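The values are calculated or read from the model by the stated rules, or taken from the named source; none is laboratory data. Just so it is clear, the structure is predicted and the values come from calculations on it, not from any experiment. In this analysis, Cβ positions are derived from the backbone assuming ideal geometry, glycine residues included, and neighbour counts consider all displayed protein chains.
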Amino acid sequence: MRLLRPRGVYAPQEDTELLARAAQDDLRVLGRRLGAEILDIGTGTGALALMAAESGAARVTAVDISWRAVLAARYNARRRGLRVAVRRGDLVAPVAGRRFDLILSNPPYVLSPGPPRPASLSWHAGADGRVVLDRLIADAPALLRDSGVLLVVHSALCGTRQTLERLADRGLTARVELRAFVPFGPVMARHARWLEQRGLIEPGVRKEELVVIRAQRN
């Protein structure tokens, strides 16, 4: 899928593809359910929201804090004739009070030294990679309907067990849905020496494990 991607907006990559694979069965079911609601948090170009709309789901909403991402996602949806409501705001703020059957999120998770710069906001996630992830875990569960599902992708370097435990603390049943090992992208490659110094990767390792976490409200 060719998408408009302005500078500074996250490009769909292996993590996007992995999350899309994990969501296929849920989207197949929700595409046939009357009144199904799907939310994509941190939509970027809108790739996942467009996939959800193509499934036939009744209502798809996408959120991003970046105006460039919002405008790109709106353009990409309009170009394909898909109905996606794209809202600008910080994580769940634009949809507070609503409930969803499925929430998808590919949040910033790259472990990074130093403060973020404007150009790095789409991937910079602090020294532990959890700056955005932990806020998402805290706020997203309240937006799920009964039996609703949250699917979130991140690097295992951020702490897979931490994510599972914190989702369980929020009352959700959580598990690893998919895993994949991928080569470091340009940003991770630049941070490799720093990751080695912190003992997070072995010397010379230039791959990371991505995980998709599935968390469901009972």
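Pull up the stretch 12-42, narrow it to residues that are in contact with a Leu (Cβ under 9 Å, 6 or more places away or on another chain) and not in a helix (DSSP H, G or I), then point me to the one that is farthest from Val110 (Cα to Cα).
Ala36
Tally up the residues in the stretch 188-213 that are outside any loop (DSSP other than H, G, I, E, B), out of contact with any helix residue (DSSP H, G or I) (no Cβ under 7 Å at 6 or more places or on another chain) and in contact (Cβ under 8 Å) with a residue 12 or more places away in the chain, please.
In the first step, residues of the stretch 188-213 are kept if they are outside any loop (DSSP other than H, G, I, E, B); the result is 188-190, 192-197, 207-213.
Right, trim to out of contact with any helix residue (DSSP H, G or I) (no Cβ under 7 Å at 6 or more places or on another chain) and you get 188-190, 192-197, 207.
With in contact (Cβ under 8 Å) with a residue 12 or more places away in the chain added as a condition, the list becomes 188-189, 192, 194-195, 207.
Residues flagged as outside any loop (DSSP other than H, G, I, E, B), out of contact with any helix residue (DSSP H, G or I) (no Cβ under 7 Å at 6 or more places or on another chain) and in contact (Cβ under 8 Å) with a residue 12 or more places away in the chain within the stretch 188-213 amount to 6.
Going by what's in this entry, would Gly159 be described as in contact with an Asp or Glu (Cβ under 8 Å, 6 or more places away or on another chain) and either surrounded by 21 or more Cβ atoms within 10 Å (Cβ to Cβ) or at positive phi (or both)? Quick ask: steps written out before the conclusion?
Working: in contact with an Asp or Glu (Cβ under 8 Å, 6 or more places away or on another chain): yes; either surrounded by 21 or more Cβ atoms within 10 Å (Cβ to Cβ) or at positive phi (or both): yes.
It is true that Gly159 is in contact with an Asp or Glu (Cβ under 8 Å, 6 or more places away or on another chain) and either surrounded by 21 or more Cβ atoms within 10 Å (Cβ to Cβ) or at positive phi (or both).
With within 21 Å of Leu144 (Cβ to Cβ) and either touching a strand residue (DSSP E or B) at 6+ places or on another chain (Cβ under 6 Å) or of a type in the set (A, V, I, L, M) (or both) as the only criterion, which of Leu82, Leu50, Leu27 stands out?
Exactly one residue qualifies, and that residue is Leu27.
Hey, any hits in the stretch 171-185 for a residue that's buried (at least 16 other Cβ atoms within 10 Å of the Cβ), in contact (Cβ under 8 Å) with a residue 40 or more places away in the chain, out of contact with any Asp or Glu (no Cβ under 8 Å at 6 or more places or on another chain) and assigned to a loop (DSSP other than H, G, I, E, B)?
Taking every residue of the stretch 171-185 in turn, none turns out to be buried (at least 16 other Cβ atoms within 10 Å of the Cβ), in contact (Cβ under 8 Å) with a residue 40 or more places away in the chain, out of contact with any Asp or Glu (no Cβ under 8 Å at 6 or more places or on another chain) and assigned to a loop (DSSP other than H, G, I, E, B).
Condition test on Gly148, is it within 24 Å of Val212 (Cβ to Cβ), touching a Cys at 6+ places or on another chain (Cβ under 7 Å) and either modelled with pLDDT under 95 or crowded, with 19+ Cβ neighbours inside 10 Å (or both)?
Details: within 24 Å of Val212 (Cβ to Cβ): yes; touching a Cys at 6+ places or on another chain (Cβ under 7 Å): no; either modelled with pLDDT under 95 or crowded, with 19+ Cβ neighbours inside 10 Å (or both): yes.
For Gly148, the condition - within 24 Å of Val212 (Cβ to Cβ), touching a Cys at 6+ places or on another chain (Cβ under 7 Å) and either modelled with pLDDT under 95 or crowded, with 19+ Cβ neighbours inside 10 Å (or both) - is not met.
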